[in-house]
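The numbers here are math on the coordinates, done by the rules we state, and not lab data. Note that the structure is a prediction, hence the values are computed from the model and not measured. Positions of Cβ are generated from backbone atoms using ideal geometry, with glycine treated the same way; all protein chains shown enter the neighbour counts.
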Amino acid sequence: MSKKTYKELLQEKFDELKNKWHQTNRKAGDECLGNTFEDLIGKKEDNLSVADFGDIEIKSHRISTNSKVSLFSKSPNGRGVNSNLRKKYGQVDDDGYTVLNVCVSTTEYSQYKDEYKFKLEVDDDAKKIWLLVKDKNGNVVEDKNIGEKNGIFWEFKKIENVIDKKIKNIAIVYGEEKTEEKVHKVKFTKIVFIMNITFDNVIKKIKSGDLYLELRLGVYKSGKNMGKNHDHGSAFRMPIGTLLTIKDENDNVIEQIESNDSIGISCD
């Protein structure tokens with residue numbers, strides 16, 4: 001008998017849990033469904049650079065929401081670049097801390113407050129993704145030649161490494177949540193596998209604007225690290241429905257189901 005694949009093993013674990021209400025101590029919200037599923041299959045919470053279950057990364061989607069999914073997180077090349085970005089282009093929040101929270105795509109400049117506009121540029125020749133920034137007068141203050149030394153960029157090879165190690169195969173777990181008599185519960189209803197994702201699949205989505213960068217750069221507001229840089233992540237995100245339209249090398253959709261998710265960029 002041949003050894004079962006991680007896909008087959010995960011499908012079996014899902015089948016044991018599906019269509020049943022499970023009590024959870026996880027806080028209700030976007031991460032509750034996925035975290036509870038991982039708890040129930042015995043996967044410990046971590047921030048490792050490898051997939052969650054063997055060679056499969058687990059994502060979750062509440063059926064009642066039009067959610068976005070973080071495909072992967074990757075800081076730009078260079079030490080301290082995100083900290084410099086926050087200090088140079090961030091805005092002071094209500095608590096007096098400088099933060100930078102903006103969604104950035106390749107298709108148009110994204111306005112942040114009234115001061116700056118941000119955009120990504122894919123450079124196939126240099127094999128890099130550049131961050132471009134303009135001030136409120138339309139002057140370029142950050143690109144491959146202006147601003148941060150050597151520019152602010154993500155190398156293709158480092159993104160490809162993330163894809164190979166963490167998101168080559170993805171399982172999307174669908175489900176519902178409810179609270180009864182102060183007890184929160186979740187139910188898993190469906191699982192969809194997207195297998196053999198490649199760098200080319202991902203870069204096409206970045207070029208089209210479907211996969212965008214969300215910069216979430218702030219500072220710790222309490223505790224021993226109070227005032228220090230708190231990088232919530234340079235996350236490349238997309239609507240769940242768009243993830244299901246990733247195409248293979250023959251331009252065929254790898255996996256697709258009916259979805260009402262919008263494709264616009266939003267940090268909501």
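Backbone amide hydrogens, once placed in the peptide plane, bring Gly209 within less than 5 Å of Thr106, excluding anything fewer than 5 places away on its chain.
If you take the Cα centroid of the stretch 27-95 and the Cα centroid of the stretch 125-170, the two points sit 20 Å apart. Look at the alpha carbon pairs under 8 Å that are at least 6 residues apart: their mean separation over the length of the chain gives a relative contact order of 24 percent. In the chain, helical runs assigned H by DSSP with n ≥ 4 each contribute -39500 (n - 2.57); averaged across all residues and rounded to the nearest 500, the mean residue ellipticity at 222 nm is -5000 deg cm²/dmol.
Of the beta bridges DSSP finds with both residues in the chain, what % are antiparallel, to the nearest 5? Looking only at bridges with both residues in the chain, the antiparallel portion is about 90 percent. Sorted from greatest to least, the principal axis extents spanned by the alpha carbons of the stretch 1-143 come out as 63, 42, 28 Å.
Residue by residue, the stretch 132-149 carries 3J(HN,Hα) couplings of 10, 9, 10, 7, 5, 9, x, 7, 6, 10, 8, 7, 5, 10, 10, x, 3, 3 Hz when phi is fed to the Karplus relation 6.51 cos²θ - 1.76 cosθ + 1.60 (θ = phi - 60°); x denotes Gly or Pro.
Note on Asn196/Gln91: beta-carbon distance plugged into 1/(1 + (r/R0)^6) with R0 of 35 Å gives a FRET efficiency of 0.25. Going from the fewest other Cβ atoms within 10 Å to the most, the residues Met226, Met195 appear in the order Met226, Met195.
Legend: distances between Cα atoms for Lys59/Lys224; Lys27/Lys182; Lys20/Lys165; pairs beyond 22 Å are Lys59/Lys224; Lys20/Lys165.
The loop-placed GluC sites (Glu not before Pro) in the stretch 155-203, going by DSSP, that have at most 14 neighbouring Cβ atoms within 10 Å of their Cβ come out as Glu181. Applying the criteria of a DSSP loop state and at most 11 other Cβ atoms within 10 Å to the trypsin sites (Lys or Arg not before Pro) of the stretch 168-210 yields Lys182.
If neighbour count is taken as other Cβ atoms inside 10 Å, put Trp21, Trp130 in order from fewest to most. So the ranking, lowest neighbour count to highest, is Trp21, Trp130.
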